[in-house]
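In what follows, a single structure is set out as structure tokens and then discussed.
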């Protein structure tokens, strides 16, 4: 299982995609994909408040449309939001124009210049089309918290093992990630704080 994108893929997709923030800053950039989800996001927001941490939420437009108050809460609590398409589309399974229109449909609701492609799927053509309007954000570490077959201990171990200065870390505020998210995130935060990491938004 790859917790980081292979270097060759980073090269193919181009230098202007954000994988990691400055390695000179001892900071972690927590990001959460696929919400907002009423069964998960409020509890997560409370946890982040308790830890005095701000994060970045890559939201699915359809969920924003369904739960506008929850989307508003994310921003009111000082977190940043980003675009994760309207329907959580896989780029490689979707017609190019349909995909671009889906991103724009989400943008009408989310209004952010940050974009992260669902499943990490994005083509060079989509990159070129979106980059004038969006900063495309991938990740330095994906925790795979959504994998129900993955024990929480494994999720935590890899989040810690691969973290470094400037790491952009992906968790998910979704139902399928709920168990691993709350079983591991508090301990991961405790570890990062013990190592002197600050937490910043993108």
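Computed from the coordinates by the stated procedures, all read-outs in this text should not be read as laboratory data. This structure is a prediction, so every number in the text was calculated from the model and none was measured. Cβ sites come from the backbone with ideal geometry, for glycine too, and all protein chains shown count toward neighbours.
If N is the number of residues in the chain, what value comes out of its Cα radius of gyration divided by 2.2 N^0.38 Å? Show your work: numbers first, answer last.
On the way: Rg = 15.9 Å, N = 202, 2.2 N^0.38 = 16.5 Å.
Against the empirical 2.2 N^0.38 Å value, I get 0.96 for the chain.
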Connecting every pair of Cα atoms under 10 Å apart in the chain and solving the GNM, the largest mean-square fluctuation among 171, 162, 29 falls on 162
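Rounded to the nearest 5, what % of DSSP beta bridges with both residues in the chain are antiparallel? The partial results should precede the final answer.
Working: 1 of 22 bridges.
Just about 5 percent of them are antiparallel.
Suppose R0 equals 25 Å; then what is the FRET efficiency for residue 190 and residue 151 from their Cβ-Cβ distance, rounded to the nearest 0.05? Please report the intermediate quantities before stating the final value.
Values: r = 19 Å, r/R0 = 0.75.
The computed FRET efficiency comes out at 0.85.
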Cut-off 10 angstrom, C-alpha nodes, Gaussian network model of the chain. Which of 124, 152, 186 fluctuates the most? 124
Using a 10 angstrom cutoff on alpha carbons, build the Gaussian network for the chain and name the most mobile of 164, 128, 80. 128
Could you tell me how far the Cα centroid of the range 116-174 sits from the Cα centroid of the range 16-59, in Å? 11
